[in-house]
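K.L.:
Sending over a structure as structure tokens; questions will come in a sec.
Since every read-out is calculated from the coordinates, none of them should be taken as a lab result. Remember, it's a predicted structure, so these values are computed and weren't measured experimentally. Positions of Cβ are backbone-derived with ideal geometry, glycine not excepted, and every protein chain shown enters the neighbour counts.
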């Protein structure tokens, strides 16, 4: 058994035992293979070699999403790192734990209620509200209500202004 | 009280409103005549100003919070070094609503009410019809123990056992810890020490120490592991308001119950690491797995 196959088997066993066991589907008692006497099966070898454990470790799930390696260039997927010039603004819009922009579109009431939400805001949130309000009025010709939650660092804008907010977001470079 | 709240807001994690702490050398501290009174010239400040803590996953817009590393081996405090603390743990927004939810949860989840009011079925007697249905001019009744009767059963009284158990969402519990730690630091109630080793097991020593340093009436000492040094264990044994706690026991209720919170460096590292891990953790099962065999 190669080290890679051994590693995969152990990792799979570790994951499988952590998850709930699924009942066997489309299986019947008579149709299943009989378990042979234990002597027929190969011996289990317990290894504590750190070199072998490395193959298990690299297959185990990661607890956090690591920061992408690029800190200056936009990746082929379109993901853009935070531009250092954005730190000079009076406010800052942080990213989620997956390093994604924290601008979300929420649609409720079968499509009749739409909100654009901006989260993880630090700094002068009132100034950000004014800047966004101006930008939305420029682009769409209408004023949109913006609710400020200073405690949460959150802005809720009525309506679907996601693209306008994202344009503003990318311009500033958060 | 309003002053305290505005002080908390001012000390939050964003860099723009926070006055920059002079992360400077011994000379600039000693040049200020007021500061040099606090830092005795014979202190070991000079020896470890380079004490650096590695802060994991720092957001680009946040600057670290700062606190003194102090000692416990003398009654008078000695500032050994300046420590940098992660702003997401020690400089988060003071969410008083979240603190309240955590305190309420801690108070209620173990609560079990055992009081019970007897219903009409549980009282003795009450099986016979007290008087005939018709003819007497009295109201019709079937049982002496009905809720209408004096000394009758209680229809909707407390029914034992009643549990108040509920689990506060995990992220709210994490947020409670980070908020409370931030509040403690902002209100000058957080002290970080090298370890909980003290020179004697004398109770008076620790009492004098807390008195001299003007730490609150109650102090919570937190270390990383649950086995504490012998001297501090003996010294604080008979004092109800000085308590020792391992890092895994850290909770919002205890931090608020005790005026001052004292963390060892090991405890600080552990708490910060665990909280940051859980703040940044992605708990969606699908995204965790790098390798997914086709039969999953």
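K.L.:
Can you compute the FRET efficiency between residue B:115 and residue A:98 using 1/(1 + (r/R0)^6), with r the Cβ-Cβ distance and R0 = 41 Å? Round to the nearest 0.05. Write down the numbers at each step before the final one.
P.N.:
Details: r = 49 Å, r/R0 = 1.21.
E between residue B:115 and residue A:98, to the nearest 0.05, is 0.25.
K.L.:
A follow-up question, please. Regarding the range A:17-174, what is the average projected area of its C-alpha convex hull, in nm²? The partial results should precede the final answer.
P.N.:
Values: hull surface 72.6 nm².
The Cα convex hull of the range A:17-174, projected and averaged over all directions, gives 18.1 nm².
K.L.:
Fewest Cβ neighbours within 10 Å first, please rank A:82, B:179 accordingly. Mind showing how you got there, number by number?
P.N.:
Details: A:82 19, B:179 23.
Going from least to most buried by this count: A:82, B:179.
K.L.:
On full extension of the chain, what length is gained from residue B:273 through residue B:52, given 0.36 nm per residue of separation minus the C-alpha to C-alpha distance? If you can, show how the numbers build up before the last one.
P.N.:
Details: separation 221, 0.36 × 221 = 79.56 nm, distance 1.55 nm.
Here the segment from residue B:273 to residue B:52 would lengthen by 78.0 nm.
K.L.:
Give the whole-number value, in cubic angstrom per residue, of the convex hull volume spanned by the C-alpha atoms of the range A:84-172. Don't skip to the answer; put the middle values down first.
P.N.:
Details: hull volume 9.0 nm³, N = 89.
Measuring per residue, one finds 101 Å³ for the Cα hull of the range A:84-172.
K.L.:
What share of Cα pairs, in percent, lie more than 14 angstrom apart in the range A:29-84?
P.N.:
Working: 1192 of 1540 pairs.
So the pairs more than 14 Å apart make up 77 percent of the total in the range A:29-84.
K.L.:
Which residues does a label at residue B:188 reach in the range B:235-277, if reach means a backbone N under 18 Å from a point 7 Å past the Cα toward the Cβ?
P.N.:
Inside the label zone: B:259-263.
K.L.:
Whole Å is fine, so just give me how far the alpha carbon centre of the range A:84-152 lies from that of the range B:139-184.
P.N.:
Cα centres, the range A:84-152 to the range B:139-184: 41 Å.
K.L.:
Then there is this: Could you run the Debye sum over the Cα atoms of the range B:154-206, one equal point scatterer each and no solvent, and tell me log10 of I(q)/I(0) at q = 0.23 Å⁻¹, two decimals?
P.N.:
Result of the Debye calculation: -0.96.
K.L.:
Each label point is 7 Å from the Cα along the Cα-to-Cβ direction; what then is the distance between the points at residue B:108 and residue A:113, in nm?
P.N.:
2.4 nm
K.L.:
Also: Where in the range B:236-264 is the amide nitrogen less than 18 Å from a point lying 7 Å along the Cα-to-Cβ axis of residue B:164?
P.N.:
B:252-254, B:257
K.L.:
Quantify how much of the Cα-Cα distance distribution of the range B:112-163 extends past 14 Å, in percent.
P.N.:
Numbers: 751 of 1326 pairs.
Here the long-distance tail beyond 14 Å is 57 percent of all Cα pairs in the range B:112-163.
K.L.:
Continuing with this model, one more query. Per residue of A:113-123, count partner chain C-beta atoms within 10 Å of its C-beta, then hand back the mean as an integer.
P.N.:
Working: counts 0, 0, 0, 0, 0, 0, 0, 2, 1, 11, 6.
Neighbouring Cβ atoms belonging to other protein chains average 2 per residue here.
K.L.:
Could I ask something else about it? Taking R0 as 22 Å, what FRET efficiency do you get between residue A:73 and residue B:171 from their Cβ-Cβ distance, rounded to the nearest 0.05?
P.N.:
Details: r = 33 Å, r/R0 = 1.48.
Efficiency for this residue pair is about 0.10.
K.L.:
Other chains near A:91-100: what is the mean number of their Cβ atoms within 10 Å of each residue's Cβ? Present the calculation step by step, with values, prior to reporting the outcome.
P.N.:
Working: counts 3, 7, 1, 7, 2, 2, 6, 4, 1, 0.
Mean inter-chain Cβ contacts per residue within 10 Å come to 3.
K.L.:
Evaluate peptide A:60-70: per residue, the Cβ atoms of other protein chains within 10 Å of its Cβ; return the mean as an integer.
P.N.:
Numbers: counts 4, 7, 6, 7, 10, 5, 2, 2, 0, 0, 0.
Mean partner-chain Cβ count within 10 Å for A:60-70: 4.
K.L.:
Please give, to one decimal in nm, the separation of the simple spin-label points placed at residue A:154 and residue A:138, each 7 Å out from Cα toward the Cβ.
P.N.:
2.8 nm
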